[in-house]
């Protein structure tokens, strides 16, 4: 999950610099990593639901926190990349309009 969050944050940085292809690749990688972590979580839930208790300790709690944060980071990265793309497109349109006025 930590890798997923890192890719999400890198995607936001790339988008801020106008590197939208790279940003989208990083979001895709974040999604892949997040899916793996979510599958592990689902396995533990199924184990518990099947009557085989999962031992709860500080490491499990910490990993759940990382999974939650990675999920939020990935969702925000998608939104931020979209917003940066809109900003870049609008700036380009403004520059074109300025040229027409002159």
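Remarks
- Residues that are closer than 19 Å to residue 62 by Cα and outside any helix (DSSP H, G or I) within region 1-48 comprise just one, 1.
- Taking region 49-79 as the range and being farther than 14 Å from residue 5 by Cα and assigned to a helix (DSSP H, G or I) as the test, the residues that pass are 49, 58, 59, 60, 61, 62, 79.
- Test: residue in region 43-58 that is over 14 Å from the mean Cα position of the chain (by Cα), under 30 Å from residue 90 (Cβ atoms) and either surrounded by 11 or more Cβ atoms within 10 Å (Cβ to Cβ) or modelled with pLDDT of 95 or more (or both): no
- Residue check for residue 91: modelled with pLDDT under 95, within 30 Å of residue 17 (Cβ to Cβ) and in a helix (DSSP H, G or I): no
- Qualifying positions in region 4-18 - within 13 Å of residue 83 (Cα to Cα) and out of contact with any helix residue (DSSP H, G or I) (no Cβ under 7 Å at 6 or more places or on another chain): 13, 17
- Residue 18 meets the stated requirement of being surrounded by 12 or more Cβ atoms within 10 Å (Cβ to Cβ), on the phi > 0 side of the Ramachandran plot and touching a residue at least 24 places away in the same chain (Cβ under 8 Å).
- One residue alone among 36, 26 is at pLDDT 95 or above and touching a helix residue (DSSP H, G or I) at 6+ places or on another chain (Cβ under 9 Å), and that residue is 26.
The values are calculated or read from the model by the stated rules, or taken from the named source; none is laboratory data. Just so we're clear, the structure is a prediction, and the values are computed from it rather than from any experiment. Glycine gets a Cβ as well: all are built from the backbone with ideal geometry, and neighbour counts include every protein chain shown.
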